[in-house]
Amino acid sequence: MNSQPPSAADFNRRDFIRGGSIATLMSMLGGVELKAAEAPKDAPAKSSGPKVKCGVIGLGAWGREVVGTLQRQAEAQIVSLCDTYGVMLRRAATNAPGATAVDDYRKMLEDKSVQAVFVATPTHLHKDIVIEALQAGKHVYCEAPLATTVEDAKAIAKAARDAGAQVFQPGLSLRSDPQRHFLLSFIRTGAIGKDVMVRAQWHKKQSWRFTSANPDREKEINWRLSKETSLGLAGEIGIHHFDGMAWLQKDLPTAVTGFGSIIHWNDGREVPDTIQAVLEFPGGVQGMYDATLANSFDGESEVLLGTDAAVMMRGNKAWLFKEVDSPLLGWEVYARKEVFYKETGIALVANASKSTGTDENAEIPAYTNTPLAFAFESFLANVNEVVGAVEDFTATFDAADKKALAKHIAGLKMQRAATWKEGLEATVTAIKTNEAILGAKRIVLQKDWFQLA
Amino acid sequence: MLTSSLTARFSKALICLGALLAAGSILAADAVRYTPVPNSSKLRMDGTSTIHDWHADTDIIGGFMELEATFADGKSAPVSVKPTIAVKIPVRSLKSSGGKRMDAVMQEHMKFEQFKVIEYRVLELTPKAGAAAGQYEAKGALTLAGVTKTNMMPVTIERVDGKLKVTGTTAVKMTDHGIKPPAPEIAGISLIRTGDEVKLKFEWVTEPKAP
């Protein structure tokens, strides 16, 4: 972490060459946000808008992660918590002092002080909560996948689309990640040539099973292990990778083939602990995906292979692997490099301008915020944007003119985030991939599954 | 009896006058009130800085105009008028080319928490001598960050499809309204200094208010 902000004198010729190029220097003096030092991970971000009063529904492990991440958002104030299980409610409440605690989400929706709700319940319970929250006038952040059936996913998407003056954001957090946007921009310059294939994997040895002395409670908390209530690895994990693939390809898959087995966790669960899937994209590009709860080797990564280079993404870092016959880009001569299994990767970092270039081996600090934090930052900023826009519009024009208001809202410049459309598309892809996996078959994806009437 | 009848009629007139006063305006017999059409207007604030030019836009221009029914109808000879024209622009609706952080800087310098709208009142409209029809010099009072200054501004007022469209451009100095031009710091260094003068260019579309 930098202890002193750099001064103008620090930018000498040597650093200028090491640090990059005219483009880097210009980006430092232009519109790119710069900070003297990266804020510690736990420090709240500097606020630029009023606090949005938030409620969190569903306080299992992920719901508590939502609470913790929200607490670090300068534009959020948690005023309400909800869970049907008192123990979880009390546990989460220690992280949100002053928030009211309710065991029925309807009580939260009746609370006029709650402006936005974060839905982190089991997937199969999303639909009623989200639709009623939108009807109650709340802004809604709904974890992905939206639902476990195409019908429910469409119902949520339709309610979100029709709620013109409210923000709806599905939990596809990579869509708000600045590193991912930077990489997409880089890839779209054509630097990797023509797309050859895309691969993604997620390997983490873990059970997913929770225990409880109460059999009913045990069944409830192990919803991820039941075919009725869970989309398995495809829905819980794969959805983010499928969305990433579609985003890279700028298109939806046309077919999916899947396989799955219970290899290690033979504990009576119904969903596979190991899956493989192939997503077919237009133009002959295939997306290969595998995920397992039985082995942790090589963790999580995504790789896009092109005729000139490959880009590998792991967490908030990325590297470029060039083909020997690919054109010289120029800047790669000065970029930091790392070696993977005898392959040399060139570091691709969105905030490379923060390096002073004094140590050519120094690792450029990547963003320390998680994709979830970026997603919440965008959601809260967008809520403030819409709330302000609605207030200003209704104070100026006829408040009853809903059509004009919707047109005005549609023209607002929002922070980057997934919309109901991406949420629907990714959820349908996950649902059908899970179906293919369970049937060990190929499914041709119908366009109308991804669309609203 | 005559006296009591006169008193009754006078009292009735007083009551009507009071009601009109309470409504906020007294329209002349042939005056028309124009109110803004949603999603039809725009205002751009163009500014400069030591690094790059910038701008801020809004499409929310509120307020109203009260003008004679024959105003700008192309038939009556244009005359100087002292119309009732009041414009209000929410400061928060101005969105900067520099993004959310620049919006926050702008709102802070315009003292948004205290003064939420930019206000403009036309004091006099005078037809421009020798100019085409619809060209006026507007003398007005502009209130920014709570400080009011009068200025002169050329405007064009024309009828388009039954609506009245007002367009104009004017230059304003921030310091005239007690606003210190922003000088954001980068890496602890004040490299950016915003220019004092900004240019306001607007297009305001209004329609007759239904009775």
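The values are calculated or read from the model by the stated rules, or taken from the named source; none is laboratory data. As the structure is a prediction and not an experimental result, all values here were calculated from the model. A quick note on method: Cβ atoms are made from the backbone with ideal geometry, for glycine too, and the neighbour counts reach across all protein chains shown. The accessibility values were calculated without ligands, DNA or RNA, using every heavy atom of the protein model including side chains. Shrake-Rupley method; radii C 1.70, N 1.55, O 1.52, S 1.80 Å.
The 1.4 Å probe gives accessible areas that order A:338, A:151, A:391, largest first, as A:151, A:391, A:338. Per residue of B:202-209, other chain Cβ atoms within 10 Å of the residue Cβ number 0 on average. Once all protein chains are placed together, residue B:159 keeps about 80 Å² accessible to a 1.4 angstrom probe. Neighbouring Cβ atoms from other chains, within 10 Å of the Cβ of residues in A:98-111, number 0 on average.
Here the alpha carbons of segment B:27-208 define both size measures, Rg and Dmax, at 17.7, 63 Å. Cross-link pairs exceeding 23 Å between alpha carbons, from the set A:51/B:100; A:250/A:441; A:205/A:421; A:227/A:317: A:250/A:441; A:205/A:421; A:227/A:317. Shown are A:88, A:414, whose ranking by accessible area with a 1.4 Å probe and every protein chain present, most to least, is A:414, A:88. Inter-chain Cβ neighbour count for B:59-68, averaged per residue, equals 2 (cutoff 10 Å, partner chain atoms only).
Within a straight-line Cα-Cα reach of under 16 Å, residue A:158 can be paired with the following aspartates and glutamates, leaving aside sequence neighbours fewer than 8 residues apart in one chain: A:128, A:132, A:422, A:425, A:448. Summed over both chains, the area buried between A and B is near 2000 Å², taken from the accessible surface of protein heavy atoms with a 1.4 Å probe. Among the listed pairs B:111/B:180; A:194/A:432; A:53/A:403, those whose Cα-Cα separation exceeds 21 Å are A:194/A:432; A:53/A:403. When B:54, B:204 are compared by accessible area of protein heavy atoms, the largest-first order is B:54, B:204, using a 1.4 Å probe. Along segment B:144-149 the Karplus relation, 6.51 cos²θ - 1.76 cosθ + 1.60 evaluated at θ = phi - 60°, assigns HN-Hα couplings of 10, 6, x, 10, 9, 9 Hz to successive residues, with x for each Gly and Pro. Of the whole protein surface, residue B:161 contributes about 140 Å² of accessible area at a 1.4 Å probe radius.
The slack between residue A:251 and residue A:90, meaning 0.36 nm per residue of separation minus the straight C-alpha distance, is 53.6 nm. Label positions at residue A:135 and residue B:152, each projected 7 Å from the Cα along the C-beta direction, are separated by 6.3 nm. Count Lys and Arg as plus one, Asp and Glu as minus one, and take only other residues whose Cβ is under 10 Å from that of residue A:308; the net charge is then 0.
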